[in-house]
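Values quoted throughout were computed directly from the atomic coordinates according to the rules given, and no laboratory measurement underlies them. Just so we're clear, the structure is a prediction, and the values are computed from it rather than from any experiment. Here the Cβ positions follow ideal geometry from the backbone for every residue, glycine too, while neighbour counts run over all protein chains shown.
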Amino acid sequence: MDNRSPLIPLLLVLGGIVVLYYPFLQTLFADWGTNDDYSHGYFIPFISAYMIYSVKDRLKETPISPDSSGIVLIAAGLALLVVAKIGAEYFLQRFSLIVVLLGLVLFLLGRQHFKMLLLPILYLIFMIPLPAIIWNKISFPMQLFGSYLTEQVIRLLGIPVFREGNILHLTETTLEVVAACSGLRSLVTMFALSGLLIWISDLSSGRKWLLFLAAAPAAIIANIIRLTTTAMLASVYGSVVAQGFLHDFSGLFTFVVGLGLLLLANKILNRKTTH
């Protein structure tokens, strides 16, 4: 019998999973459209699919050996879904889908396929918004940290500034480093991008971890550059520069700078590998 025959029941089961999770996926799609912090969520499934496609030849060459221990993962994922549904916990409802998918791969395809598909499936976690209570716990300290660093940079540039918490008082205006400018959004995006870079890179395991962790300083530096530039312009032209088009453009600027820093880190780590 063709050792790929389990692929047919896998597709059928995946169809059933889509039907089961459809209501939860609907709310997830709605969050992507209304939550600017996770607008990148639309791209994550496609990146995950690309990761799987990139190893399609290895998947075909690997013998299928179903593993019954996958049932444990499937059961755990479904139990998590039920508990999260009762507790109205959206993050766990959506995360349970990842657990179920991993269980299906292990149960129908075996351990070797599970190892190859583990990272592409886990990558889907970047599309799931963190619970608001956790997001806010992280966001406010980052607002204060970003405000502090921006104050120090502005002082070094000779611009008078007085800081109260996350509020910067300049000569011409006052700027507040709100949650959207905390850098947390950039941090999540940079970690997602570093995950993709790790997947396509030929770095050793240790250097891959360094590249992944480099997402944090890349996001922080990019955000400080954004805040400092905005504060410098605001000190001359007033608070109007921190609003409207320029504010939206600065978000794109932060993304480009962060991505550039990640690519630079990847280049440095690759250079060390080749020497």
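Simple spin-label estimate for TYR53 and ILE125 gives 2.5 nm between the two label positions (7 Å along the Cα-to-Cβ direction from each Cα). Its alpha carbons considered, the chain gives a radius of gyration followed by a Dmax of 22.4, 78 Å.
Straight-distance candidates among the lysines for linking to LYS85, with alpha-carbon spacing under 27 Å and chain neighbours fewer than 8 residues away dropped: LYS137.
With loop membership from DSSP and a limit of 15 other Cβ atoms within 10 Å, the longest segment of the chain without GluC sites (Glu not before Pro) is 173-275. Taking the C-alpha atoms only, the angle from helix 70-86 to the longest principal axis of the chain is near 50 degrees.
About its Cα centre, the dipole of the chain is roughly 800 debye, where the only charges are +1 on Lys and Arg Cβ and -1 on Asp and Glu Cβ. Helix-only estimate, please: 222 nm mean residue ellipticity of the chain, summing -39500 (n - 2.57) across DSSP H runs of length 4 or more and dividing by its residues, to the nearest 500. Rounded to the nearest 500, the figure is -24500 deg cm²/dmol.
Which distance in nm do the two modelled labels at ASP36 and LEU11 give, with both placed 7 Å along the Cα-to-Cβ direction? Going by the 7 Å Cα→Cβ label model, 4.3 nm. By the rule of a C-alpha distance below 20 Å, with chain neighbours fewer than 8 residues away ignored, the aspartates and glutamates paired with LYS60 are ASP2. Shape class for the range 7-129, computed from the alpha carbon gyration tensor (a ≥ b ≥ c): oblate, with a/c not under 1.5 and a/b at or below b/c. Listed by chain and number, the lysines whose C-alpha is less than 25 Å from the C-alpha of LYS208, apart from same-chain residues fewer than 8 away, are LYS56, LYS115, LYS267, LYS272. Axis angle, to the nearest 10 degrees, between helix 44-54 and the longest C-alpha principal axis of the chain: 50 degrees.
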